[in-house]
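The values are calculated or read from the model by the stated rules, or taken from the named source; none is laboratory data. Being a predicted model, the structure only gives us computed values, none of them experimental. Counting neighbours? That spans all protein chains shown, and the Cβs are built from the backbone with ideal geometry, glycine included. Protein only, heavy atoms only, side chains kept; ligands, DNA and RNA dropped before computing areas. Shrake-Rupley method; radii C 1.70, N 1.55, O 1.52, S 1.80 Å.
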Amino acid sequence: MSSPNGKSETLVSKPGQLIAFPLKSSDGALEYISPSSLKLYLTCSLKFYFKKVLQLPEPSSPALIFGKAVHAALQAFWLARWREGDASADTIVQAFKDALTHMATSEGVTLKDGELDKLTVKGESLIQAYLASDHAKSEGKPVGVEVKLEEHFPELPSPVLGYVDLVKPGNVVVDFKTCASTPNLDLEAFQHSLQLTAYQLLVEEAAGSRVTARELVFLVKTKEPKVIVHSLPPASEADIARFWAMAEHAVKGIYEESWVPQPGMHCAWCAFRSQCSQWAGGLS
Ligand code: SF4
């Protein structure tokens, strides 16, 4: 089997090191590699196989469509800011409602009686809290909104692909998160470091200039909604070296079709536990 880029073998040079990626790869799984795919493989390679290679469906949930609808509203707000269009609260709340209704249908989510109304009320107050926050009122036209970036890097045989929620002036990379309770900021920054470093590398490659800061923006769905901005410095040289070492390990494993269950707390929300339980040391 040849690699997705059509070459039978990919050699990657690094100072003092030459890595030969193996000939074998999973069809389609490496046309590109996203930060979420890297994290998925590193968390559980067998789950990666079920989700990305076999493409088994995963059921959606009310919490999932709620998060996506909030995301759609934030995108509408920043796009309006970018285009100097209508960024009024009424328009942005309507964008949330439209996205929620659409996703409830298109993703086949079963909602209890009155649940859609409750989600709508909760989302509206969360969006209003964000629009009233200093983050939403920050000056300047965004550099990019929901930017799709795909770049080839010499460290990997497949391009890295990422969608960056927002890039503010100064190449400030912003990622929005919705969560149910007040987050532990240090832990969140640690858990999302792979994603944030990937976004930094993508933005710097596309813009040709340095990222000056990174931000995790949490929209917290508590009774009294909160917006928490966690500002982080750019990834250091050590962070970047760590990213490439993790990415190379993951991509090598995917090329080698190395899948194994990696049980842990993440199994609690894995949709493939039944398939996983059938695994007996190999896939044939
Ligand atoms: S149940 Fe756990 S070990 Fe099995 S595939 Fe899912 S995440 Fe991996």
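Miscellaneous remarks
- Scanning the stretch 202-220 for residues that are in contact with a strand residue (DSSP E or B) (Cβ under 9 Å, 6 or more places away or on another chain), over 17 Å from His135 (Cα atoms) and open to solvent by 20 Å² or more (accessible area, probe 1.4 Å) gives Glu205, Ala206, Ala207.
- Per-region count, the stretch 119-152, residues open to solvent by 50 Å² or more (accessible area, probe 1.4 Å) and under 20 Å from the mean Cα position of the chain (by Cα): 5
- Top-ranked residue in the stretch 43-77 [being within 16 Å of the ligand (Cβ to nearest atom) and not in a helix (DSSP H, G or I); ranked as farthest from Trp269 (Cα to Cα)]: Leu54
Table: residues versus (1) touching a Leu at 6+ places or on another chain (Cβ under 6 Å); (2) of a type in the set (S, T, N, Q); (3) free of Cβ contacts under 8 Å to residues at least 60 places away in the same chain.
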| position | (1), (2), (3) |
| --- | --- |
| Ile33 | no, no, no |
| Tyr41 | no, no, no |
| Cys44 | no, no, no |
| Phe48 | yes, no, no |
| Phe66 | yes, no, no |
| Ala69 | yes, no, yes |
| Ala72 | no, no, yes |
| Ala76 | no, no, yes |
| Ala80 | no, no, yes |
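- Here Leu116 fulfils each of the conditions (1) open to solvent by less than 50 Å² (accessible area, probe 1.4 Å); (2) within 26 Å of Ser61 (Cβ to Cβ) apart from (1).
- Pair list, Cβ under 7 Å, 6 or more apart: the stretch 258-284 residue free of Cβ contacts under 8 Å to residues at least 60 places away in the same chain, other residue of a type outside the set (Gly, Ala, Ser) and open to solvent by less than 60 Å² (accessible area, probe 1.4 Å): Arg273/Cys267
- Among the residues of the stretch 229-284, those identified as more than 14 Å from the ligand (Cβ to nearest atom), under 19 Å from Ser34 (Cα atoms) and not in a helix (DSSP H, G or I) are Ala235, Glu256, Glu257.
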